[in-house]
1. Kindly evaluate residue 148 against the criterion of being within 20 Å of residue 219 (Cα to Cα) and in contact with a strand residue (DSSP E or B) (Cβ under 6 Å, 6 or more places away or on another chain).
2. Surrounded by fewer than 20 Cβ atoms within 10 Å (Cβ to Cβ) and either touching a helix residue (DSSP H, G or I) at 6+ places or on another chain (Cβ under 6 Å) or within 25 Å of residue 54 (Cα to Cα) (or both): is that true of residue 177 in this structure?
3. Checking the condition modelled with pLDDT under 95 and surrounded by 21 or more Cβ atoms within 10 Å (Cβ to Cβ), which residue from 273, 259 passes?
4. Right, residue 212: surrounded by fewer than 22 Cβ atoms within 10 Å (Cβ to Cβ), modelled with pLDDT of 95 or more and either outside any strand (DSSP E or B) or out of contact with any helix residue (DSSP H, G or I) (no Cβ under 6 Å at 6 or more places or on another chain) (or both) or not?
5. Identify, please: which residue in region 17-40 is assigned to a helix (DSSP H, G or I) and in contact with a strand residue (DSSP E or B) (Cβ under 9 Å, 6 or more places away or on another chain) and is, among those, modelled with the lowest pLDDT?
6. Specify the residue that is farthest from residue 234 (Cα to Cα); the eligible residues are those in region 156-184 that are outside any helix (DSSP H, G or I) and more than 19 Å from the chain's Cα centre (by Cα).
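The values are calculated or read from the model by the stated rules, or taken from the named source; none is laboratory data. These figures come from a predicted structure and were not determined experimentally. Positions of Cβ are backbone-derived with ideal geometry, glycine not excepted, and every protein chain shown enters the neighbour counts.
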């Protein structure tokens, strides 16, 4: 079922006010005609230090250098059974793969730290997923990649590892004949929203990288600082609007609700997603200060 159709009929069959699919992606700028390809961007950041690279990633995405296929969101349903036995359902709209820089023909899935991820997601009209959303996306994905970890060590944060891992994913996609724009998962871990960030400020939350049987390699973790990013991390964009009972509602408000939040989060309410994942207005002025060893 297309995204446009889901805007016309809810999961329960109730009529919904029509909303063009483009409404959910309207804040993503049109990709410039002379924008760098993924390979060209990777080369341009190859000699940068980590703070410089994060700024380059942020600026490239915010000027619209995002492949067209990532602008076509895919509906994913989540459910929760209330104490009275009633099944509550919400439909979120998600990017089919992890955020990338470049064209449909040549793109680089690009890891980033929490500050960069929250900045670009917020500016483009999206949020980061919860753990429950990541699980639902995996279950409903049309294709599942087999996770491909690289050798651990300090090189995990290098641009070379970013490129190597992206090539491995692309080789797997070609071998499995995975069409561009299909909902996929298993290629990266997710940077996620969790209430643990409230009790562990200055950290980044990572979860996922599911195996074929559905179990994640990475349990929910806040071991790394918010300035950390490595090749295995992916940024999945989730629309700020969610479909509930036939109406599009702000996901921020739904996550605050003591009952409805349980559809989207197995932790219950998340009071303020913008406070947990620093917004674009909170992007640190001195990026070098947020790059600890971890």
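1. Details: within 20 Å of residue 219 (Cα to Cα): yes; in contact with a strand residue (DSSP E or B) (Cβ under 6 Å, 6 or more places away or on another chain): no.
Criteria not met by residue 148.
2. no
3. Details: 259 fails: surrounded by 21 or more Cβ atoms within 10 Å (Cβ to Cβ).
Going through 273, 259 in turn, just one is modelled with pLDDT under 95 and surrounded by 21 or more Cβ atoms within 10 Å (Cβ to Cβ): 273.
4. no
5. Step one: list which residues in region 17-40 are assigned to a helix (DSSP H, G or I), which gives 21-25, 38-40.
If we keep only those that are in contact with a strand residue (DSSP E or B) (Cβ under 9 Å, 6 or more places away or on another chain) as well, we get 21, 23-25, 38-40.
Values: 21: 67, 23: 81, 24: 89, 25: 92, 38: 98, 39: 98, 40: 98.
Top of the filtered list is 21.
6. Taking the candidates together, the pick is 177.
To keep it simple, each residue is scored yes or no on (1) crowded, with 21+ Cβ neighbours inside 10 Å; (2) in contact with a helix residue (DSSP H, G or I) (Cβ under 9 Å, 6 or more places away or on another chain); (3) under 15 Å from residue 181 (Cα atoms); (4) at pLDDT below 95.
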| residue | (1), (2), (3), (4) |
| --- | --- |
| 66 | yes, yes, yes, no |
| 69 | no, no, yes, no |
| 85 | no, no, no, yes |
| 98 | yes, yes, yes, no |
| 103 | no, yes, yes, no |
| 109 | yes, yes, yes, no |
| 119 | yes, yes, no, yes |
| 130 | yes, yes, no, no |
